[in-house]
Amino acid sequence: MPMSLEKPDTAIKDDVESLLMGGEKEFPPPLPDRSPYCVAFDGPLDPYHPHNHSLLRKLSNTFAVGLSTFSLSMGSAMFSSANKDLEKIFHIGTSVAALGTALFIIGFAAGPVIYGPSSEVFGRKPIMVISSLAYVCFEFGTATAKDLQTIMLCRFFAGFLGSAPVVVSAAVMVDITRAKTRGIGMAIFGSMLFGSVMIASIIGGFIVKNPKLGWRWTSYMSGIIGSLGLALNVFALEETHHPVLLARKAELLRRKTGNWGIYAPHDDVSLDLRNIVVDRIFKPLKLLFTEPIVFLLSLYNSFVYGILYSFLTVIPLIFEGRYGWSSGVGELPYISMLLGVLSGTAINVFYEIQNNKLLEQTGTKPTPETRLPPVKIGAVTFVIGIFWLGWTGDYPQHIHWIVPVIGSFFIGNGLMLIFLPTMTYLIDCYLPVAATALAGLTFIRSGFGAAFPLFTTQMFNNLTIKWASTLLGCVGVLMIPVPFFFAKYGVYVRSKSKEALK
């Protein structure tokens, strides 16, 4: 959301008193009324507005930020394939090796604190270019590192400095899509975010297995794909942030007309440390712990995200450890989970299209709660998948491998049906403070994503696959009532909120 960060009156007064026009000139009189000089979009059909860009331009921007998101998520997941090699080479334990993934995800939480407000001041494109460049540099730094300390530092900074797509890609989707198609844009974003994790796990398994490549190529591959994303961000991505576009329009009109009174509201926006600390750390945490909708949906969303990264370890444990498959082949069941993700994306898109048609036919005004029906389905399929995979994958002597593979399909399906609509529901409920609500979600989600890989291996080895899966599945069962509760009582909960739309 645009930020209004004008200096306090006392600071402005001090600046004015310390400056002179020069040449013994007096200060000119202020404009009596600035409003006629403020630029705006020329109605809802203004071709300059990103909502009205051609489909080709929208697809170009989507592909640019989508590839960056794909590369970033790939980098977060692919490195986990190198854990066993790191344990042998550097003589470290499982938890220490998993830090390579955990530190990267912790960077996900820290980076958006800077990149979120920065993209609202300087625009989406420059932030994406800077972040993509930093990501590529630190991925190649990881690939060429000579010691464990350098590897871990590069992993953290690759996640921290490269994390702009986590927030900016979603922001670009909001910039270029109207409310009724926002769910479709978010579905594309989510499929890139999740699908890349599963593809990365498969590719990483075969890379590590190949003696001519080795573990370093997990980072080289991420860096190469990140370089392609960087090129697209430089040459194909357009600026889409509405206030920045209006500021550029004002600049062009000032030069064209010679009237330097023309301005855009964004001209008065600045970025300072107080905004970052208060608006991007304290306010998101306050919203997270005082708003039931934000807290419960963030908790649910984060649990799903943690499961995603824990299964980077669980799938190889089942198919390499129990079924005896080799590295690379043991990651192929991720294809089933990927198909589940794609099916969840298709269901989300189909639902959004049908729901929009129904609303147009009936003339009904959409409410945030119309986003929740897919979550109800996903809440059930997700839990079914966890129990299915865990209890069939622990008996390789009696159950054919295709059975647990099918279970992973339902996990992927549930992931998408829960993850995407809950994010869109939060945006719709807290549209004026959507960036703040999503920042709170990002904090807790990244914490879950970083923590789960650290204990997953030990938990599944000590409890066995079936009972560890039962534990996670039972937590998932406890979460099932969340979408049903807000579907029924969401309007009432929002009516009692100070921040949510009524």
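If we scan segment 325-344, do we find a residue that is over 30 Å from residue 413 (Cβ atoms) and either touching a helix residue (DSSP H, G or I) at 6+ places or on another chain (Cβ under 6 Å) or in a helix (DSSP H, G or I) (or both)? Spell out how you get there, then give the answer.
Taking segment 325-344 and keeping what is over 30 Å from residue 413 (Cβ atoms), we get none.
No, that holds for no residue.
Looking at segment 76-91, is at least one residue surrounded by fewer than 21 Cβ atoms within 10 Å (Cβ to Cβ), part of a helix (DSSP H, G or I) and of a type in the set (Asp, Glu)?
Yes, that holds for at least one residue.
On the given criteria, is residue 293 without any contact (Cβ under 8 Å) to a residue 12 or more places away in the chain, within 22 Å of the chain's Cα centre (by Cα) and assigned to a helix (DSSP H, G or I)?
no
Any residue at all in segment 372-384 that is charged (D, E, K, R) and buried (at least 24 other Cβ atoms within 10 Å of the Cβ)?
No: zero hits.
Select, from 317, 213, the only residue that is within 30 Å of residue 460 (Cα to Cα), in contact with a helix residue (DSSP H, G or I) (Cβ under 9 Å, 6 or more places away or on another chain), without any contact (Cβ under 8 Å) to a residue 12 or more places away in the chain and surrounded by fewer than 24 Cβ atoms within 10 Å (Cβ to Cβ).
213
Does residue 169 meet the test of being surrounded by 19 or more Cβ atoms within 10 Å (Cβ to Cβ), under 15 Å from residue 127 (Cβ atoms) and in contact (Cβ under 8 Å) with a residue 40 or more places away in the chain?
For residue 169, the condition - surrounded by 19 or more Cβ atoms within 10 Å (Cβ to Cβ), under 15 Å from residue 127 (Cβ atoms) and in contact (Cβ under 8 Å) with a residue 40 or more places away in the chain - is met.
For segment 413-422, state whether one or more residues are part of a helix (DSSP H, G or I), over 18 Å from residue 305 (Cα atoms) and out of contact with any Phe, Trp or Tyr (no Cβ under 8 Å at 6 or more places or on another chain). Outline the logic, then answer.
From segment 413-422, those part of a helix (DSSP H, G or I) are 413-422; that's our starting set.
Restricting the remaining residues to those that are over 18 Å from residue 305 (Cα atoms) gives none.
No: zero hits.
Taking into account only those residues within segment 320-336 that are surrounded by fewer than 24 Cβ atoms within 10 Å (Cβ to Cβ) and aromatic (Phe, Trp, Tyr), which is farthest from residue 463 (Cα to Cα)?
It comes out as 325.
Which members of segment 267-277 meet the condition of being of a type outside the set (Asp, Glu) and either at pLDDT 80 or above or over 16 Å from residue 442 (Cα atoms) (or both)?
If we filter segment 267-277 for residues that are of a type outside the set (Asp, Glu), which is where we start, we get 269-271, 273-277.
Correct list: 269, 270, 271, 273, 274, 275.
Among the candidates 229, 214, 223, single out the residue that is modelled with pLDDT under 90 and of a type outside the set (S, T, N, Q). Reasoning before the result, please.
Working: 229 fails: modelled with pLDDT under 90; 223 fails: modelled with pLDDT under 90.
The unique qualifying residue is 214.
Being modelled with pLDDT of 90 or more and touching a helix residue (DSSP H, G or I) at 6+ places or on another chain (Cβ under 7 Å) narrows it down to one residue among 178, 155; which is it?
155
The values are calculated or read from the model by the stated rules, or taken from the named source; none is laboratory data. Here the structure is a predicted model, which means the values were calculated and not measured. Neighbour counts are summed over all protein chains in view; Cβ atoms, including those assigned to glycine, are modelled from backbone coordinates with ideal geometry.
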